[in-house]
């Protein structure tokens, strides 16, 4: 038995969250490019080594801030899109919180002190966990409709 899903107009907020995060990711990419020039880390080198570059730690903090955000991006996008189908306003709010916390995660990590990244990371995980709950709720409700 097929189940139809109606997308509410509030889902637009969910989609706009994706757009804002994509822009954030582009900005982080630009910042990594600037760090490559500043700390003299040529492509295709992913991470600088301290034996070859005295500023390796500074560059690597910028690089890792962006890389870690990319690593979590697929989970964030999927949970936002799926959870937003049933809970668009909650998902959009959590997506906004996640995006803001990722901005601060990157900015604080980029200071060259990796411990700084820990300040906003709890907020981003809380937002992501909320999105996982929204997606699980959507899945459970689809199955309940099937049983009824």
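Read-outs: derived from the displayed coordinates by stated rules, not from any lab. In this text the structure is predicted, and so the values were computed from the model without any measurement. With ideal geometry, Cβ positions are generated from the backbone for all residues, glycine too; neighbour counts draw on all protein chains shown.
Of everything in the stretch 108-131, what is buried (at least 16 other Cβ atoms within 10 Å of the Cβ) and part of a helix (DSSP H, G or I)? Give them in sequence order. Answer for the stretch 108-131, where residues must be buried (at least 16 other Cβ atoms within 10 Å of the Cβ) and part of a helix (DSSP H, G or I): 108, 109, 116, 117, 120, 121, 123, 124, 127, 128, 130, 131. Out of curiosity, is residue 95 part of a helix (DSSP H, G or I), under 14 Å from the mean Cα position of the chain (by Cα) and touching a residue at least 40 places away in the same chain (Cβ under 8 Å)? For residue 95, the condition - part of a helix (DSSP H, G or I), under 14 Å from the mean Cα position of the chain (by Cα) and touching a residue at least 40 places away in the same chain (Cβ under 8 Å) - is met.
Tell me, please, whether a residue that is within 12 Å of the chain's Cα centre (by Cα), in contact (Cβ under 8 Å) with a residue 24 or more places away in the chain and surrounded by fewer than 18 Cβ atoms within 10 Å (Cβ to Cβ) can be found in the stretch 78-92. Yes, because at least one residue in the stretch 78-92 is within 12 Å of the chain's Cα centre (by Cα), in contact (Cβ under 8 Å) with a residue 24 or more places away in the chain and surrounded by fewer than 18 Cβ atoms within 10 Å (Cβ to Cβ).
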